[in-house]
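I have placed the structure first, in the form of structure tokens, so that the comments after it can refer back to it.
Please treat every number below as a calculation from the coordinates, not as lab data. In this text, all values refer to a predicted model and were calculated from it rather than measured experimentally. Note that each Cβ is placed from the backbone with ideal geometry, even for glycine, and that neighbours are counted across all protein chains shown.
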């Protein structure tokens, strides 16, 4: 049976915005500490402490047995990199994905950070991936379909010569981190559900410099590009409202 899409009340969406504010501030802090010489495990510890200091719970920790509070994926690692003693180096791109549970609701967001100087094509990959996220968010309008989001992301990224990962997609968010519907970052033959006010979704383009094929490593989590070329990842939790998309993880503005 198809999972039911859970519509959130305006009050629940505001609770999720509170969770998203904590998460945004946490990612800001991690970005400041994402530098050469720092281990991914140190970033994980900083994240967990920050979230708990703000009365939140790290959603990822223990989720299906996941050991960390964040996923830290470097260069060819697409997503789900497990924090460890690996040290970040100059020239790396580092994708950090994090979730916060606060007052019973989850927010989910990711950013890719550039450490030092990288080749122009890698910087362009990061920039285009971020830009594609906001193009996808722009399609998160009442009356549109899920497919409109993925189509916007795919067209933009492929127009710049990059590829869109097919094996991993965005998702609904609420009291659980993964709810219906699935939110592909690419064009699908089916339109997918029509967007309604009160839906909350995580839109998260995962874009590769080379081909879109990926594989999972033996650790059961880390997903890497099959050709070993870099990948970038950006994500926001977004509420669908009658007034347009409401980004819940972009902080207080």
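How do 131, 242, 12 rank when sorted from fewest to most other Cβ atoms within 10 Å of their own Cβ?
On the way: 131 16, 242 9, 12 19.
Ordered from fewest to most neighbouring Cβ atoms within 10 Å, 131, 242, 12 come out as 242, 131, 12.
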With r defined as the distance between the Cβ atoms of residue 54 and residue 180 and R0 fixed at 22 Å, what FRET efficiency is calculated, to the nearest 0.05?
-> 0.15
Zone of residue 87's modelled label, taken as backbone nitrogen in the range 102-119 under 18 Å from a point 7 Å along Cα→Cβ | 115-117
Assuming R0 = 35 Å, can you tell me the calculated FRET efficiency for the pair residue 124 and residue 11, based on Cβ-Cβ distance, to the nearest 0.05?
-> 0.25
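What does the helix-only formula give at 222 nm for the chain: each DSSP H stretch with n ≥ 4 adding -39500 (n - 2.57), the total divided by the residues, and the result rounded to the nearest 500 deg cm²/dmol? Could you put the intermediate results ahead of the total?
Working: 4 runs with 71 residues, N = 253.
Taken over the chain, the calculation gives -9500 deg cm²/dmol.
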Decide, for the range 171-226, between rounded, prolate and oblate: order the square roots of the alpha carbon gyration tensor eigenvalues as a ≥ b ≥ c, take rounded if a/c falls under 1.5, and otherwise choose prolate if a/b is larger than b/c, else oblate.
-> oblate
Ranked 85, 61, 215, criterion: other C-beta atoms within 10 Å, fewest first = 85, 215, 61
Segment residue 145-residue 242, extension gain: residue separation times 0.36 nm, minus the distance between their alpha carbons | 33.5 nm
Label of the coordinate-derived value, Cα extents along the principal axes in Å, listed as [x] 53, 43, 37; [y] 45, 43, 37; [z] 53, 46, 34 = [y]
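Residue separation times 0.36 nm, minus the C-alpha to C-alpha distance between residue 226 and residue 28: what's the value? If you can, show how the numbers build up before the last one.
Details: separation 198, 0.36 × 198 = 71.28 nm, distance 3.03 nm.
Full extension of this stretch gives 68.3 nm more.
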Identify the residues of the range 192-214 with backbone N under 13 Å of a label point that sits 7 angstrom from the Cα of residue 64 along the Cα-to-Cβ direction, or state none.
-> none
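Using the number of other C-beta atoms within 10 angstrom as an exposure proxy, rank 200, 126 with the fewest first.
In order of increasing Cβ crowding within 10 Å: 126, 200.
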